Amino acid sequence: MSRYFYFVFTRAKPGQDKEFNHWYSERHIFDLVAIPGIAAAQRFRLVDSLSRAPMADYLAIYEFSDLELALAGIAERRGTDRMPSTEAIDREASRGVVFRPLWAVAEDWRFGAGQLDLVKFDGPTAAAQLEAGLGRLAAHERQSRPGPPAFDLARFCADPPRTPADNLSGAGAVHLSAGILPITDRVPATWPQAAETSPTPGGPTS
């Protein structure tokens with residue numbers, strides 16, 4: 001079974017972090033793992049940014065066991081009573097990118113505290129820039145919204161030194177780096193793990 005990771009970067013409106021985090025951690029993340037095709041989810045805080053460009057404050061990582069089914073479910077439920085939103089979210093800062101791992105992901109492999117590097121390349125992505133490696137992920141051609149993804153490549157390192165990854169520095173027009181710290185446990189899927197019929201794909205950031 002193919003696995004994909006959906007990274008969603010978010011920020012609360014000024015002064016509304018408490019309301020935003022309560023909605024996301026106590027409601028929204030559970031709405032998402034009830035969608036067929038989403039195997040699990042976990043939230044993180046982005047800290048100690050080494051980048052000059054502004055970054056979001058929070059990251060949610062969704063594990064997709066079925067890419068099309070998951071994206072279709074998000075699109076179908078967004079804004080309904082099955083997946084309501086909140087006025088506390090800064091929608092201008094929200095970004096979602098579907099990544100495919102560039103290594104064979106073991107069933108028990110997990111994200112955790114560590115460093116996340118993100119690159120948006122200046123031009124076409126070369127094969128050498130997408131070489132396989134533990135913790136390296138390439139943006140998938142299917143995204144949650146039309147248009148190119150916000151980033152082309154991601155690299156996660158557990159408990160690394162706080163310096164940008166040497167093999168990513170200077171590789172693209174945008175290079176962002178920050179620490180990630182878990183703020184929720186990993187939440188497993190609540191939908192029945194059975195054969196499903198995929199609806200028409202599409203979908204928004206969530």
> Among the residues of the stretch 7-19, which ones are farther than 16 Å from Pro182 by Cα and either crowded, with 21+ Cβ neighbours inside 10 Å or not acidic (Asp, Glu) (or both)?
Replying inline: Ala12, Lys13, Pro14, Gly15, Gln16, Lys18
>> Tell me whether the stretch 84-95 contains one or more residues that are part of a strand (DSSP E or B) and either within 19 Å of Ala189 (Cβ to Cβ) or at pLDDT below 95 (or both).
In response: yes
> Hey, any hits in the stretch 141-159 for a residue that's surrounded by fewer than 17 Cβ atoms within 10 Å (Cβ to Cβ), at pLDDT 90 or above, under 15 Å from the mean Cα position of the chain (by Cα) and in a loop (DSSP other than H, G, I, E, B)?
Replying inline: no
> Is it the case that the stretch 29-37 has a residue that's touching a residue at least 12 places away in the same chain (Cβ under 8 Å), at positive phi and within 16 Å of the chain's Cα centre (by Cα)?
Replying inline: yes
> In the stretch 3-20, what count of residues is obtained for those that are farther than 29 Å from Leu153 by Cβ, in contact (Cβ under 8 Å) with a residue 60 or more places away in the chain and among the basic types (Lys, Arg)?
Replying inline: 1
> Just one of Gly15, Gly79 is on the phi > 0 side of the Ramachandran plot and modelled with pLDDT of 95 or more; which is it?
Replying inline: Gly15
> So, of the residues in the stretch 74-110 that are among the small types (Gly, Ala, Ser) and in contact with an Asp or Glu (Cβ under 9 Å, 6 or more places away or on another chain), which turns out to be nearest to Gly147 (Cα to Cα)?
Replying inline: Ala93
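Among the listed residues Val119, Val98, identify the single one that is in contact with a Gly (Cβ under 6 Å, 6 or more places away or on another chain), of a type in the set (A, V, I, L, M) and on the phi < 0 side of the Ramachandran plot.
Numbers: Val98 fails: in contact with a Gly (Cβ under 6 Å, 6 or more places away or on another chain).
Step by step, each of Val119, Val98 is checked, and only Val119 is in contact with a Gly (Cβ under 6 Å, 6 or more places away or on another chain), of a type in the set (A, V, I, L, M) and on the phi < 0 side of the Ramachandran plot.
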> buried (at least 19 other Cβ atoms within 10 Å of the Cβ) and within 23 Å of Ala138 (Cα to Cα): does that describe Val47?
Replying inline: no
> How many of the residues making up the stretch 89-119 are surrounded by fewer than 19 Cβ atoms within 10 Å (Cβ to Cβ) and either of a type outside the set (D, E, K, R) or more than 14 Å from the chain's Cα centre (by Cα) (or both)?
Replying inline: 16
>> Restricting to the stretch 36-56, give me the number of residues that are at pLDDT 95 or above and part of a loop (DSSP other than H, G, I, E, B).
In response: 2
> Taking the stated definitions as given, is Ala171 modelled with pLDDT under 95 and aliphatic (A, V, I, L, M)?
Replying inline: yes
> Which one is farthest from His140 (Cα to Cα), of the residues in the stretch 96-107 that are assigned to a strand (DSSP E or B) and not aromatic (Phe, Trp, Tyr)?
Replying inline: Gly96
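The values are calculated or read from the model by the stated rules, or taken from the named source; none is laboratory data. The structure presented is a predicted model; accordingly, all values stated were derived computationally and were not measured. We place every Cβ from the backbone using ideal geometry, glycine too, and count neighbours over all the protein chains shown.
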